[in-house]
Amino acid sequence: MAFTFFNTLGRRRQPFEPLRAGKVGFYGCGPTVYNYAHIGNLRAYVFHDILVRSLRRAGYEVTHVMNITDVGHLSGDNDEGGDKMVKSAEERGKSVLEIADFYTGAFFNDTGRMNITRPTVVCKATEHIPEMIALIERIEKNGFTYFAGGNLYFDITKFPSYGELALLRIEDLKAGARTALDKNKRNPHDFVLWFTKSKFENQALIWESPWGRGYPGWHIECSAMSMKYLGEQFDIHSGGIDHIPIHHTNEIAQSEAATGKKPWVGCWLHNEFLVLDRDKMSKSTGDFLTLQSLVDAGCDPLDYRYFLLGGHYRSQLQFSWDSLSGARNARKSLTDRIRSLADKAPPAVLEYLSRGRAEIAAGPALERLEAFNRALQDDLSTPRAMAELWGLLRDGEAEPVEALAAAFDMDRALGLGLEAVLREDKPADDEALAREIEGLIAERAAAKKAKDFALADSIRQGLKERGIALEDGPGGTVWRRF
Ligand code: AMP
Ligand code: ZN
């Protein structure tokens, strides 16, 4: 299955060709864990999930890496303001690590509830400081840095293709430069690789480094961690469009300055924003909607997932309660339709399910499935893919069993939990919850085995917040509501 993606680098559609046949290295920028993810953030992670699921379904072996930012992200992406983590910890009277653990747990609870596949590697910034220091040393050795006012800066004028991703021209940046608040910067677009003095006072987490005790700039974590797990060059990098002009632009400059290899990443994919009343949502103002607020209003997390799939990832999507309720009704019709198809051919359906994916014979179901595949191959057009799913279920042309087999195959990319609708008599919601909790129990066991007790605790804590207790016994871990 050949994919075509719209590459932000170069602003054109391109056939996707990974560096190594059949394998994809993908890095998606993860959350800054100083607060709950808002529903706009979750749009970014659903997009990553659709990408990964679609590639895997097409036969690629995908290594998906996601960072957890628990240090260094300042309130302004351009090195301005205080550290988001430190500010949140101060406001809540907790330590930075407590805040990070709590919101990391909350994040995975949200993504689990939305059926978002856990990345292959989840890496925390604070656990990769030596890798960041080693990378900064390479950048420094290659002559791209200067030291001023106690901080180490990246000098963008030493990197001629600076701003290529965002279509910024270095001459314009020099000429029209706005004044930087940080007077140590030679150019306002220079950025900090390592902080010591300038923001030092309230920083709870600091490390020894060749430039003095301090902490890393935000951008370096993504360069260091992606290269650690995916190699010095890899296939796909993504994030929301807000990351194009600063964060991803700086990631490219640092990475290519360190390795001398270009392009660092072959394909850049960016999701447009979810907007609420035409304003962008802001996690830092505290005035935003979380997944839990949708649940409290009676919506299933998969209703929100369904809503997101209705928009193409490169189009802005307007959130409203009305459209969410429309998605809710549509998903209910979808699951009703699946049940009624199953009622028409129960024994064969069960046989299909027990055999895993079934071969679908030439005919209307296969035609729909192929059109569905073409939609995803065409820059992940989920709206068109959803239309094919609906066509399949609605037009009644395919045999019920064939229609179901095709729908379940489609759902391996969409992640709407359609198979779970049939598997048991329990309502879909309970089934999804049980599956999610079992998944979290397995993750917690793996975290304990890897001695990542903070993660293990944050998973338990996250479940506790939702009224679910875990009990460890000789036969393993069981869960109950309390
Ligand atoms: P953060 O936790 O703030 O670093 O953001 C996590 C991800 O969410 C990033 O990829 C952002 O680009 C993305 N993002 C932030 N706001 C929105 C929004 N309103 N709609 C879609 N994606 C967003
Ligand atoms: Zn990043």
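The values are calculated or read from the model by the stated rules, or taken from the named source; none is laboratory data. A quick note: this is a predicted structure, and the numbers were derived from the prediction, not measured. Neighbour counts run over all protein chains shown; Cβ positions are idealised from the backbone, glycine included.
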Name the single residue that is surrounded by the most Cβ atoms within 10 Å (Cβ to Cβ) among those in segment 417-439 being of a type in the set (D, E, K, R) and modelled with pLDDT of 70 or more.
GLU436
Between SER238, SER223, which is under 18 Å from TRP194 (Cβ atoms) and either buried (at least 18 other Cβ atoms within 10 Å of the Cβ) or within 11 Å of ligand 2 (Cβ to nearest atom) (or both)?
SER223
Those residues of segment 362-382 that are at positive phi and touching a Ser or Thr at 6+ places or on another chain (Cβ under 8 Å) come to a total of 2
Which members of segment 68-80 meet the condition of being more than 18 Å from the chain's Cα centre (by Cα), within 13 Å of ligand 1 (Cβ to nearest atom) and surrounded by fewer than 22 Cβ atoms within 10 Å (Cβ to Cβ)?
LEU74, SER75, GLY76, ASP77
If the Cβ limit is 9 Å and pairs must be 6+ apart or interchain, which residue in segment 21-48 that is on the phi > 0 side of the Ramachandran plot pairs with which residue that is more than 8 Å from ligand 1 (Cβ to nearest atom) and not in a loop (DSSP other than H, G, I, E, B)?
GLY22/GLU61
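Given the structure, is ALA257 within 16 Å of ligand 2 (Cβ to nearest atom), of a type outside the set (S, T, N, Q) and assigned to a helix (DSSP H, G or I)?
Details: within 16 Å of ligand 2 (Cβ to nearest atom): no; of a type outside the set (S, T, N, Q): yes; assigned to a helix (DSSP H, G or I): yes.
Here the answer is no, as ALA257 does not meet what is asked.
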I'd like to verify a number: residues in segment 71-104 that are in contact (Cβ under 8 Å) with a residue 60 or more places away in the chain, charged (D, E, K, R) and touching a Lys or Arg at 6+ places or on another chain (Cβ under 9 Å), how many?
3
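For segment 108-125, how many residues meet the condition of being more than 30 Å from ARG331 (Cβ to Cβ) and crowded, with 18+ Cβ neighbours inside 10 Å? I'd like the intermediate steps shown before the answer.
At the first step, the residues of segment 108-125 found to be more than 30 Å from ARG331 (Cβ to Cβ) are 121, 123-125.
Still in the running and crowded, with 18+ Cβ neighbours inside 10 Å: 123-125.
Residues flagged as more than 30 Å from ARG331 (Cβ to Cβ) and crowded, with 18+ Cβ neighbours inside 10 Å within segment 108-125 amount to 3.
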Test result for HIS64, within 16 Å of ligand 2 (Cβ to nearest atom) and under 24 Å from LEU19 (Cα atoms):
yes
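Which residues, counting only those in segment 215-234, are closer than 14 Å to LEU74 by Cα and either more than 26 Å from the chain's Cα centre (by Cα) or not in a helix (DSSP H, G or I) (or both)? Show your work before the answer.
Step one: of segment 215-234, the residues closer than 14 Å to LEU74 by Cα are 215-221.
Passing the criteria: TYR215, PRO216, GLY217.
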Among residues of segment 1-60 being among the aliphatic types (A, V, I, L, M) and farther than 16 Å from SER381 by Cα, the residue farthest from ligand 2 (Cβ to nearest atom) is ALA21
Quick check on segment 6-19: of everything there that is part of a loop (DSSP other than H, G, I, E, B) and not hydroxyl-bearing (Ser, Thr, Tyr), which residue is nearest to ligand 1 (Cβ to nearest atom)?
LEU9
Given (1) of a type outside the set (Ser, Thr, Tyr); (2) modelled with pLDDT under 95; (3) away from ligand 1 (no atom under 16 Å from the Cβ), identify the lone condition not met by GLY22.
(2)
Those residues of segment 126-150 that are modelled with pLDDT under 95 and crowded, with 19+ Cβ neighbours inside 10 Å come to a total of 1
Could you tell me whether PRO210 is assigned to a loop (DSSP other than H, G, I, E, B) and at pLDDT 95 or above?
yes
Candidates GLY217, GLY231, filtered to the one that is within 27 Å of PRO119 (Cα to Cα) and within 16 Å of ligand 1 (Cβ to nearest atom):
GLY217
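Filter segment 29-67 down to the residues that are part of a loop (DSSP other than H, G, I, E, B) and of a type in the set (Phe, Trp, Tyr), then identify the one that is surrounded by the fewest Cβ atoms within 10 Å (Cβ to Cβ).
Filtering segment 29-67 down to residues part of a loop (DSSP other than H, G, I, E, B) leaves 29-31, 33-38, 58-60.
This time we only want the ones that are of a type in the set (Phe, Trp, Tyr), so: 34, 36, 60.
Details: TYR34: 25, TYR36: 22, TYR60: 20.
This residue is TYR60.
For segment 332-399, give me every one of the helices (runs of 4 or more DSSP H) that falls completely inside it and has 2 or more residues that are modelled with pLDDT of 95 or more. Full working, then the answer.
On the way: elements: 346-354, 364-377, 382-394.
Answer list for segment 332-399: 364-377, 382-394.
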